[in-house]
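K.L.:
Below is one structure. I have some questions about it.
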Amino acid sequence: MNLLMSYTAIPHTTGVFLEKALRRLASVVTYGPTAGEDIFRAWNLLSLLPYRKSHDIFLGDGSDRELRDGLPEFWRPDAFLFVESGILYRCEFLKSLDCPKACYLIDTHLHPESHLVMAREFDLVFLAQKTFVPRFQEELDRPVIWLPLACDPELHCPYPVAEEVDVTFAGSIQSPLQERTRRLKRLSTRFSVRTERVFLDSMPRFLSTGRLLFNASVKNDLNMRVFESLAIGKCLLTDDVPGLRDLFVPGEDLAIYDDRSLVDVARTLLDHPEIRTRMAASGRKKVLESHTYLHRARTILSTLESSLKRGSFVPEGADHDEHTHV
């Protein structure tokens, strides 16, 4: 399949990992903007600036002519995929694309209304957050498919480093009033806790120094860190969010907490390394078997290919009333 793909190029975004997987399965041409240094500075991502790369076709005015002139000779897209990256841009060319158009929306928990408006421009909608699938199905006259986030096993993998602290957390701590900040503070009064805002290969190396990996959602999202942490092969302690139990078994693949049980669950896991080891192995096995970006790429392509054959966007074998697909 010839797949035209678009997202804002920034090194740690979902689109980068998905593009890498899609290129293993299809002929991919990317068309979109590259985040400027001002974005890296505003988002406190200057450490990622050296990893910035451009797309095959740079998006300037987003016009049909710009895209047509940039495509390789004799190459025409069979389908188009837009992947949300947190930075929106105009896609005037969408109206003139004579092929199925799909979008993959990630942060719907933060922008549900604008995502609903955006989704109307596409024939097929993939959502990373299961919570919003029913509403989008109800309000849109097109298939809406749950497609959780994933891991990249080549990057998110175990590192042979010493376990130096009880708990590690990789992510931002924006405010003392933030829920995850309060939870980490509670843990730090009883255990050794280390937090860092790290990305790419620095993240698994840092996380591997902890005996237990901590995760906290933002507005109940099933975030990237769940899949990445499991792939690293350490025991994950995370909050319970919609979709998590569809993919993993609490107590077997990972450990879940709420505000009342947080400290007790952490203490039990830290006191029993055999439980942590068993859970870490089970979680890593499951995520590698079913939840890599290659798995997600296959789902996207098979759904698009099915639509091209059928002339519709009903995934092969799916129930017409419930378009959930993982």
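K.L.:
What distance in nm separates the two pseudo spin-label positions at residue 51 and residue 185, each 7 Å out from Cα along the beta-carbon direction?
P.N.:
Roughly 3.1 nm, to one decimal.
K.L.:
Something else about it: Can you give the longest stretch of the chain with no exposed loop site, where a site means GluC sites (Glu not before Pro) in a DSSP loop (not H, G, I, E or B) with at most 16 other C-beta atoms within 10 Å?
P.N.:
165-251
K.L.:
Over the chain, what percent of the accessible surface lies on carbon and sulfur atoms, probe 1.4 Å?
P.N.:
49
K.L.:
Using a Gaussian network model on the chain with a 10 Å cutoff between Cα atoms, which of 114, 188, 202 fluctuates the most?
P.N.:
Of 114, 188, 202, the most mobile in the Gaussian network model is 114.
K.L.:
How much accessible area per residue does the stretch 1-123 have, counting only protein heavy atoms and a probe of 1.4 Å, in square angstrom? Could the numbers behind the result be given before it?
P.N.:
Values: 5740 Å² over 123 residues.
Accessible area per residue: 47 Å².
K.L.:
Quick one: what do you get for the stretch 163-288 if you divide its Cα Rg by 2.2 N^0.38 Å?
P.N.:
My calculation over the Cα atoms of the stretch 163-288 gives 0.95.
K.L.:
Name the most mobile residue of 136, 58, 17, meaning the one with the largest mean-square fluctuation, in a Gaussian network model of the chain with Cα contacts below 10 Å.
P.N.:
58
K.L.:
Hey, if we sort 195, 292 by accessible area with the 1.4 Å probe, largest down, what's the order?
P.N.:
If we order 195, 292 from most to least accessible, we get 195, 292.
K.L.:
Once ligands and nucleic acids are excluded and a 1.4 Å probe is used, how much of residue 185 is accessible, expressed in Å² to the nearest 10?
P.N.:
The accessible area of residue 185 comes to roughly 140 Å².
K.L.:
Which entries in the list 185/286; 53/234; 130/285; 20/285 go over 29 Å, if you measure between the two C-alpha atoms of each?
P.N.:
Working: 185/286 31 Å; 53/234 31 Å; 130/285 23 Å; 20/285 22 Å.
The answer is 185/286; 53/234.
K.L.:
Output the relative contact order of the stretch 163-288, whole-number percent, from Cα pairs under 8 angstrom with separation of 6+ residues.
P.N.:
Relative contact order comes out at 25 percent.
K.L.:
Quick one: what are the phi-derived ³J(HN,Hα) couplings along the stretch 96-109, Karplus 6.51/-1.76/1.60 with θ = phi - 60°, whole Hz, x for glycine and proline?
P.N.:
3J(HN,Hα) across the stretch 96-109, in whole Hz: 9, 6, 9, 7, x, 10, 10, 10, 10, 9, 9, 9, 5, 5.
K.L.:
What list of ³J(HN,Hα) couplings, whole Hz, do you get for the stretch 55-66 from phi and the Karplus terms 6.51, -1.76, 1.60, once you set θ to phi - 60° and write x for glycine and proline?
P.N.:
7, 4, 10, 6, 8, x, 8, x, 7, 4, 5, 4
K.L.:
Related question: Taking only C-alpha pairs under 8 Å that are 6+ residues apart, what is the relative contact order of the chain in percent? Display every interim value, and only then the final one.
P.N.:
Values: 589 pairs, mean separation 50.9, N = 326.
Computed over the chain, the figure is 16 percent.
K.L.:
Pick from 226, 287, 28 the residue whose mean-square fluctuation is largest in a GNM of the chain, springs joining Cα atoms under 10 Å.
P.N.:
So, out of 226, 287, 28, the one fluctuating most is 28.
K.L.:
Keeping all protein chains in the complex and leaving out DNA, RNA and ligands, what accessible area do you get for residue 16 with a 1.4 Å probe, in Å² to the nearest 10?
P.N.:
My reading of the accessible area for residue 16 is about 40 Å².
K.L.:
At a threshold of 8 angstrom on Cα-Cα distance, excluding pairs fewer than six apart, so keeping six or more, what relative contact order does the stretch 1-114 reach in percent?
P.N.:
Working: 176 pairs, mean separation 35.7, N = 114.
Worked out over the stretch 1-114, it gives 31 percent.
The values are calculated or read from the model by the stated rules, or taken from the named source; none is laboratory data. If you're wondering where the values come from, they're calculated on a predicted model, not measured in any experiment. With ideal geometry, Cβ positions are generated from the backbone for all residues, glycine too; neighbour counts draw on all protein chains shown. Ligands, DNA and RNA are excluded from the accessible area calculation, which covers all protein heavy atoms including side chains. Shrake-Rupley method; radii C 1.70, N 1.55, O 1.52, S 1.80 Å.
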